[in-house]
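No value in this document is a laboratory result; all are computed from the given coordinates. All values reported here derive from a predicted model rather than from experimental measurement. Using ideal geometry, Cβ is built from the backbone for each residue, glycine included, and neighbour counts are taken over all protein chains shown.
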Amino acid sequence: MNRLAAPLPLLAVALVACSSGTVPSPGAATTGRPLFAAVENHSTTPHTYDTVVIADAAGTAHASHAIRPRAVPCIGPAVPLLQPPAQTAAGAVYYADGDGTVHRLTPAGADSVVTRFPVDDPQAELSFAVSPDGSHLMASIVTYPPRITPPAGGSPVCYVGDRVHLAVLRADAGGPATVARQTDLIGGSGVIQMVGWDATGPIGTVNTLLGTQQPLPEVWHGAAAHLDPSGQPGAVIGGADCRAQAIAANGAVACEGGGYTSVSVRDASGKVVIQVPPPSSGYLGLPVLRPDGAAVAMALPDQAAAGATLYRQDGGTVRLPGLQPVGWLDATTLVMVDNQSVDFLGAMSAVHLEQPDRAVGLGFKGTWVGVVR
């Protein structure tokens, strides 16, 4: 398959989680603490999340709900590169069950069905995004050919060809999904995964990598672009040499230059405002962009045992604990995890910048989704 990549460095984008089922928390909606969403996986199979949770930086679970796990496509000698089954928007977390039904879970524990993007094939993978106000959704469904069972029996043969089917769908909250466009793609070129939605519109990856030889976290696996209502991508965000990993509200973008050896932050005009020094050996970690775009946190290969670093736009740096940054709760609170294993699960800690060398364990384990605003 042409869009299969050589093994990339294993990035730990793992985080919090909680027990399955509804988690009551008296006064949860009025604590005033920043809230975030995460998904939890109790199985040994990567990407098959079974619980979504909303929690705060004190380790209090405000709400959780079971997820029917998705099927993971079989794509030959590689493992697929997927997106998380959940997104945050409009003060809630939106999550997709294995059949593509999208739910909305609020911090108060109210769960409702928003729409369904039909996923009726075990060889299909879904990614979706939600508008900031929660009123619109866009999804990508990539379907691989079926597994082939040898005539004499034995294990099915995974997809090893070069043809996939792409469908881009749209929906209004509370309404049915409609197909914006669909096409067969040769070699995987043109595959889009939905990764977010900002004030400009929905964001998807283009020239998306389909798989690697080892499981990887659900980062952005290609250059990013805004999509028009028909699902067609526009110009690459951050410039042609940028593989965006995060976009701030002011248009700042964290760029990975390819191969995880070069990371920069660029403003909305494309000007580099932060340049992370290249590693002396190995690969850079995941760049975690602060909400205002003025700082980025990441672990470098030679800091893995000793600490990560926060790089600021003013040129200053702050040494952080020996954990992997994964998200920001607010401008002064960073979320980090202690595990870089292939199951993507890590005990979550909060690091407050007034005490940047101190990580406060929160007693949760799972995969980071985003801030619940």
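A few comments on the model shown:
- Segment Ser230-Val113, extension gain: residue separation times 0.36 nm, minus the distance between their alpha carbons: 39.7 nm
- Cα gyration tensor shape for the chain, rounded if a/c is under 1.5, else prolate or oblate: rounded
- Residues Asp133 and Arg68, FRET efficiency given R0 of 30 Å [Cβ-Cβ distance, rounded to 0.05]: 0.65
- Charge tally in the Cβ shell below 15 Å around Leu353, where Lys, Arg are +1 and Asp, Glu are -1, Leu353 excluded: -1
- Summary value for the chain: 19 percent relative contact order, contacts being C-alpha pairs under 8 angstrom separated by 6+ residues.
- The GNM of the chain, with springs linking C-alpha atoms under 10 angstrom apart, assigns the highest mean-square fluctuation among Val102, Val318, Val263 to Val318.
- Fully extended contour minus Cα-Cα distance, from Asp357 to Thr261, at 0.36 nm per residue: 32.0 nm
- Charge tally around Arg68: other residues with Cβ under 11 Å, Lys/Arg +1 each, Asp/Glu -1 each, net -2.
- Förster radius 51 Å - calculated FRET efficiency between Gln275 and Val157 (Cβ-Cβ, nearest 0.05): 0.65
- When only Cα pairs below 8 angstrom with a gap of at least 6 residues are kept, the range 56-215 shows a relative contact order of 22 percent.
- Basic side chains Lys and Arg get +1 at the Cβ, acidic Asp and Glu get -1 at the Cβ, and with that the dipole of the chain about its Cα centre reaches some 140 debye.
- Per principal axis, descending, Cα span of the range 53-199 in whole Å: 54, 32, 24
- Neighbours of Arg33, meaning other residues whose beta-carbon lies under 12 angstrom from its beta-carbon, give a summed charge of -2 when Lys and Arg score +1 and Asp and Glu score -1.
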